[in-house]
Each structure stands twice: as C-alpha cells, then as structure tokens.
Amino acid sequence: MNFHIMTLFPDMVMGGLKESITGRAIETGLISVNTVNIRDFAGNKYNHVDDYTYGGGAGMLMQPGPVYDAYQSILEKKSNPDKKMRVIYMTPQGTPFNQAMANEFAKEEDLVILCGHYEGIDERVLELIVTDNVSIGDFVLTGGELPAMMIVDAVSRLVPGVLGCDESAVYESFYDGLLEYPQYTRPETFMDMQVPPVLLSGHHKNIAEWRYEQSLIRTKERRPDLYEKYIAENKEEYQQYQKRQNKLKKKR
Ligand code: ADE
C-alpha cells in the first residue's frame, strides 16, 4: 500500500513513521510513504505558499496553486494510473476518524493525505481534489501532520503482514464493537495484586467467557455510546450470554 503525504513538514511525518512497526513495514516494502513537500511547488523565489485571506480576518491561508501542483506530481507517480485515488484532507471540520474508516482506507492501493497549516487551505483546490474530509477529534492542532501520521499508522497495521501476528488485529478493541478486556503478564503477583485466577486455569471456554464479560463491563463504563450500539446490533449474542449467566447463578 502506498501513502502519499502532501505536507510542508515532510521530516516531521517521516520522523514519526520511520520508527517501530510502520518503520519495519516501510523497510520490508509492505507499505511506502512518499512525502511531497508542498513548498517545492511554491513557484516564487521566496518559496511562499501562503497569503492573506480575502475578506479579512486573522492568519494566513495556504494558496491553491502549490497544493494543486503537488497533487499533480503524485498523479504522475501513482501505481495504477486508471484508478481514482482517495484524497484525504486532515481537518477539524471533517468526519471523526474511526476503525471502520481505517478498514475502508486499507482497501486502497494508493492513499493521498493532505496536511493543512496556518488557517487552512483555499477552498477551491479542496473542491477540486479532496474526496474525504477527516478529523481526528474535536480539538484544533497546529497542522495536519500528526493526524496524517495517525491515519497511516491505523491503516498500515491492517495491511496483511505488517503486524507480526495476524491475529492481533482481530481480537482487539473495536473489532466487534466492544473495548478489549484487561490483559496481564508475569509476574503472577504485583504489589499484592493477583492475576485473575481464571486466566491461570487453562480452561479456554471459561477464559473466553470472562473476557467477553470484562469487555462488556469496560465498554459500558467507559464508552456507553458503543455499549448501547453493541447491545442493539448483537441482541442474540448478548441474550445467549445472559442465559449462560443465569444458568451459572442457579447452579451456585
Ligand atoms: N488539523 C488541525 N486539527 C485537526 C484535527 N482535529 N483533525 C484533523 N486535522 C486537523
């Protein structure tokens, strides 16, 4: 999978992505990250890519020309010339990013991510090239670089082979709409706190049941919105679980 990141700060983006799992994925060729410096397309001797806003107001705006030319340079390089590329603009005005969007984006061969700076980007070039406006949350950052890195990270780990063990992308928070259950490793006792005995029992069915229950409890407590959605969409699975619990209670 090929990421093309349009930015004024390519070193910032690569600095983060060249480490750890994404770094290894780049090295092994499972993903590529091609940064395009918008300033290279400034087209003036001062390398300026921003200007005052028409109509007045504070701050500078990125001009449309350099952004458009940077995009054209990506079109010339993309791996499949016939396929239309998704162009994601990182903006606090976008749709909030979530796992379902990461799954969607992971199906693409090429993904373009546009990072804004200053007060944003001239609307005309956004109208011309952007297919998806994406936000990483209801707060405002100084630029789109950190959000872009987050998208690359979340999408890359879904590319087959990027995670060491393919299973780890399966049993985890959001996979089935619930948060992940608590996990433990050695030592068995830490500061007088014990690992839940069921996890040491070797009884796989009981362990699975305990984990499911913990996921439900945790999701209800921390993300009531996700919990309500899960119950509404997984009535049967939840009812089965309740039946099993009632049976256990009667036995006791
Ligand atoms: N750029 C600045 N703030 C942002 C946010 N919250 N999400 C995406 N891009 C941004």
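Coordinate-derived values only; no laboratory data. Predicted, not measured: the structure shown is a model, and the values here were computed from it. Don't worry about glycine lacking a Cβ; one is built from the backbone with ideal geometry, like all the others, and counts go over all protein chains shown.
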Report task. Using packing as a proxy for protection, rank 176-189, 125-138 so that the peptide with the highest average count of other Cβ atoms within 10 Å comes first. Result -> 125-138, 176-189
Query raised in the report: For the range 155-227 and the range 1-60, what is the separation of their Cα centres, given in Å?
Result: 36 Å
Report summary line: Taking Cα atoms, the helix 145-156 axis meets the longest principal axis of the chain at an angle in degrees (rounded to 10) of 50 degrees
Requested in this report: Let me know the Rg and Dmax you get for the range 87-245 when you use only its Cα atoms, in Å.
Outcome: 20.2, 62
Query raised in the report: Which one of ASP110, ASP153, ASP11 has the biggest mean-square fluctuation once the chain is modelled by GNM with Cα springs under 10 Å?
Result: ASP11
Query raised in the report: Which whole-number percent is the relative contact order of the range 170-233 (Cα, under 8 Å, 6+ apart)?
Result: 39 percent
Query raised in the report: Normalised by the number of residues in the range 91-158, what is the relative contact order in percent for Cα pairs under 8 Å and 6+ residues apart?
Result: 56 percent
Query raised in the report: Can you flag which of LYS229/LYS251; LYS77/LYS107; LYS107/LYS205; LYS84/LYS229; LYS229/LYS250; LYS107/LYS235 are past 26 Å Cα-Cα?
Result: LYS229/LYS251; LYS107/LYS205; LYS84/LYS229; LYS229/LYS250; LYS107/LYS235
Requested in this report: With springs connecting C-alpha atoms under 10 Å apart, model the chain as a Gaussian network and identify which of ILE217, ILE74, ILE38 has the largest mean-square fluctuation.
Outcome: ILE217
Requested in this report: Report, by chain and number, residues whose modeled amide H sits under 5 Å from the one on GLY120, excluding near sequence neighbours (fewer than 5 apart, same chain).
Outcome: MET62
Query - Length-normalised contact order for the chain - Cα pairs under 8 Å, 6+ apart - percent - result: 19 percent
Report task. Give the order of MET62, MET191 when sorted by the count of other beta carbons within 10 angstrom, beginning with the fewest. Result -> MET191, MET62
